[in-house]
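Everything below concerns the one structure shown next.
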Amino acid sequence: MDSFLEEEEEDEEAPTVVVAGKRRRRSHPAAQAALQPPLHLPFPPPQPVSSNEHKLNFKKSKEACLSYIQDALLQKQWKRAAEFLTCYVESLEKDYSREHIGPSEMIWRIGTEILWHHSQSSMKEFNCFMEQMKTLGVKRYLKVCLEHVFHLLCNGQIDEAYQNLSLAESWRFGEQTAIQDKEMKLIQAYRGLLDYYSWSKQKNILLEQGEDGFSDLAVEQEMHGYFRKAAVNLKEIIKIPGVWDIFVKCYVDLLEFYGDHNEARQVLNEYAYNSKFPANPNAHVYLYQFLKRQREPKKSLISALKILHDIVPSHELMIDFNTMLQKSKKRKKRRLGLEVIFAALDYAGWKENAKAWSCLARQVKQIVVSDKHLDWIKQEWNSRKDWWPAFHFSRYLAKRNWQEDKSLSYEKALVAGILLGKGCKYFKYVSHQGCKAQLKRFRMLKKFVNRHNLVYLKISGPPDSSVQP
Amino acid sequence: SDEDFNERCAQCSEVNWGLTDGGRFYCRSCHNVTERTREVVNTDFITNSRVQTISKGSRKQEENDGGSEWYICEGFQLVLKKQVEALEALGVCPQMKDEILCNFWRCYLQKSKQAYCKRPAPETVKTLSVCESSTDVDSDPERPSLLHLLSLSESEGDLQTDCSFASSVSKVSESTSVYSGSVDGSLYLMKNQKEKLRMTMPMTLSFCYMALLWVREPITLSELLRYVVEGHIPYLNVFQHFPEKMKLCGLDLKIFCVESWPVYEEVFDQMHELAAFLDLPRFPDITESCFLHPDMLCMKYLMEANLPDELHIWTCRVVKKIGIGEVDFLTLVPGNKSTRKVKYDVLAVAVIVVVLKLLFLLDDHYEWLLSEYAEERNKNNTEGGPYFEFKKWYEVVKHSLDVKQKKLDEERAKYLWRCEKPLFYSVKNKSKVLKRRQMVVNLQNQFGKLSGSVQCAEKPNPSSFQLSWSEKNTDGSCFHGHSLKGVLQEKRGLLTAMNPDYWLCTVKLCNEKLCGHLAHYKEVEFPQSYHFVLGLFSFLLRVQPSYIHDEVCMIEHKLFNKKLYKKLKYNTVLRSKKD
């Protein structure tokens, strides 16, 4: 391994100009000088080398070369990029730079990109390049290995990828091995993932055989072997704070298959609730799905989704959440349900979702009919009355919704009629069309809205002390 | 297999192999040493008449790497030899090498007390016998055989280094002690530079330029430097032509391995310092028939800038008026500090710029006005040569210039700086350097195959002209024959410019000795037409536009100083009378 050019980076301190000495000489206040903090000057801009502009040297030439490469890459001119890279590689021989990304890293990144996209390149050449890059920088050896593996996987070469991972795992290079501990964990995790892949294949074979009524002991043995290998590595990576969705999913799948539900629950809880891990909506989704599979009580399902609602109010599971909450006997939960569905419909992605609108329509209707908690609607509506009419209830949308999805326009018209009254454009258009088509439920809708036409006055008025909860 | 190593040499395609002491094959034609070694002693091999073994020279051999003792000045001598040979191949007079440059060099060695001098008794003396190896280094019988070293007691001078190299050197010196492959490499860099003009790589070009000037060859300094960059004259990596026994190591690299192109000013100034240091007499006269005379050079640059031939009369008039065509003005007298050193090429293009200003004003207004007028006249007039249209000229030349500039920029970015011969500071990192070199070659091969264009192996022939315009082209892109009728008028039987005005680039010149410049050029402060013209000549000469601007100011100063002075005096006289 060649570590020659991997110099340790030295921290250059900002230039400090100590003014104390000078001041002391000029006049008396030695004490004052001692109190003066050292003056930290910012770096001056690089001197314009006006007289040497025509002086071309190695460094400048290579910098220019690099910018040509970048231009070519941006324009997907792979041939041209390769042409300039051919000239740029020389800078490897003078790679004494202390910059964060030196020439060798540049060559690795750019070369990878070119070889991956160039029409005349082959996987063989790509592999050959990657092997060279591995010997080029010890400091990023494992990173290069990992990237190589990803490309192999993209190319469907799973066995080769596995081999490369195993090889990288056995890499030892003094303290560098310890420094790249995190990368090593990733290498192991991906190997675990490939073991899981093999396990899953064997499992499917067994399941198919099971249907035919016989089982193969050897295949089963092999499958268990894969399980053990995968589980060890997957378990390791998910201990480290991070976003490990794919690893967690696979690990939980393994645990559930072997019936270790406690461990699975623990893993998912840790992944979702450990504050050291970055906020990750999927963690709560996985937990919710697991709990649902386990037929856990509503309460724990709701608490899992509550957090998801806080992180991603537009998540698709919000429908489930709302449904659950609406059915609840507790007032507070139903109140939350209304909040959840209103919040979801704030997002453009939900605009034409009939399911969501029917959830809202059902709950609003229920509140209006029971004539209790109109203030809930009022509160939700208050912050939306300025923009929802244009966002959801325009005449244009009424026309389009009517043409594309009758039941969507029915639900929306109900909501619009209650929130904005029977004079609102959306309601008027849809109910008119519905009556013209002689659809019974639209006639019922018209009647219902007419009957409760005063509601909109109540909810759109100024905050009223009499309708506090 | 090794027994019949009949492959062609990678460098010169000859099949003429010798064998070094280290058992490696080297080419006896070009001294390229291959990676191939004779590993197995094979009796058949000896019978191969094409390969001869070189015997060891009588020089002391170093134990480890088989290199022989050599001195820095020998290295420079080799560089100079290669360069002057290249100049010979370009067609300079054959006497230049042996009669001129060789004498300059000997004189330098003597003046700098490196050879041809009585040695001071207490100092270390090393006698070098002529190397008996069959290399051609020593073919020159006049080679100094007595060299003396300076003692270490001299104070350490400032190490003028190539900045890109400095960092690496300092890093190396942390781990390894300072050393060199040559005998005096480390001492060389410590010499006091002020006392004795120290040889550097740019200085080799100063030597060449001095010799060219002495024999009054039709090559300007800007041309010389362009040939260097284009690879017609060895400079970068010239050490790869050193014989195998001259090992380059450590500090030698700092001396011989350049990583930037020579700069006009540097080579120019050093040539004058050198001429003074050598106490050279007055150089041969630059007369009207010489290529370097402004009248001649103006003709060349007018052609290259695609300007009408008629302008030449005007450049000659300016040259005559201010006396810059005089022999005494143009001829170099070394050590004469009272006269300004003449940059022949820059001076000539500056004369052209001044003439353009006289006729066209170049104030972003008047030249376009004249151009419109000429266009009108050309529409109605079909007889005789067409009137010169500034606008058309601008469009044609600008297009050409842009294309060439783009090409040049790309070439600069694509320039390959490294040679086959690997360089290493110490034997310790030799294997690393070799490995790295091998990887670079591999990557170059890999991506070379993927690159769109085929690398052209042969460099284009050297040419004095970078832009060429031919009247044979029928597309009207050549303006040499166009007439200036539109911009001239007849006054008392004399043709004068229609333009009655002139603007000065500067009213007062700076002190060149104190400030380093005669004037200061800022693009935004000047008309764009003026900048374009400067840019055009800046491209042709490969010097900064400000460099030409300085010279323009100098010429204007000479042209108008009297007038300004008179006017000023007249005014003050008037005023004092009133008082």
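Here, each number is a calculation from the coordinates, and none is a lab measurement. Given the structure is predicted, the values throughout are model-derived calculations rather than measurements. Quick reminder, even Gly has a Cβ in these numbers, built from the backbone with ideal geometry, and neighbours come from all protein chains shown.
The alpha carbon radius of gyration of the stretch A:304-391, expressed as a multiple of 2.2 N^0.38 Å, is 1.02. As a rough footprinting exposure proxy, the listed residues A:Phe321, A:Phe277 were ranked by other beta carbons within 10 Å of their own, and the order from fewest upward is A:Phe277, A:Phe321. Across peptide B:265-271, the average count of Cβ atoms from other chains found within 10 Å of a residue's Cβ is 1. Roughly speaking, what % of Cα-Cα pairs in the stretch A:110-154 are separated by over 13 Å, rounded to a whole number? The proportion of pairs with Cα distances above 13 Å equals 51 percent.
Compactness ratio of the stretch B:291-355: Cα Rg over 2.2 N^0.38 Å, N = residue count?
Normalised Cα radius of gyration, the stretch B:291-355: 1.12.
Based on the Stokes-Einstein relation at 37 °C and a viscosity of 0.692 mPa s, and on the Kirkwood radius from alpha carbon pairs, the stretch B:241-356 is assigned a translational diffusion coefficient of 195 µm²/s.
Based on the reciprocal of the average 1/r between different C-alpha atoms, the Kirkwood radius for the stretch A:58-129 equals 12.5 Å. Remark: mean inter-chain Cβ contacts per residue of A:57-68 equal 5, using a 10 Å Cβ-Cβ cutoff to other protein chain atoms. Values of log10 I(q)/I(0) for the stretch B:355-419 across q = 0.19, 0.24 Å⁻¹ run -0.81, -1.01, by the Debye formula with one identical scatterer at each alpha carbon and no solvent. With distances taken between every two different alpha-carbon atoms, the stretch A:377-436 has a Kirkwood hydrodynamic radius of 11.4 Å. Using the alpha-carbon positions of the stretch A:147-278, Rg (one decimal) and Dmax (whole number) come out as 16.3, 54 Å. Mean partner shielding of peptide B:407-414, defined as the number of other chain Cβ atoms within 10 Å of each residue Cβ, is 5. The listed peptides A:149-156, A:426-433, B:426-433, ordered by packing as a protection proxy, come out as A:426-433, A:149-156, B:426-433 (highest mean of other Cβ atoms within 10 Å first). Checked against a 20 Å cut-off, the cross-linked pairs A:Lys425/A:Lys446; A:Lys79/B:Lys414; A:Lys422/A:Lys447; A:Lys124/B:Lys421; A:Lys412/A:Lys436; A:Lys298/A:Lys332 give Cα-Cα distances beyond that limit for A:Lys124/B:Lys421.
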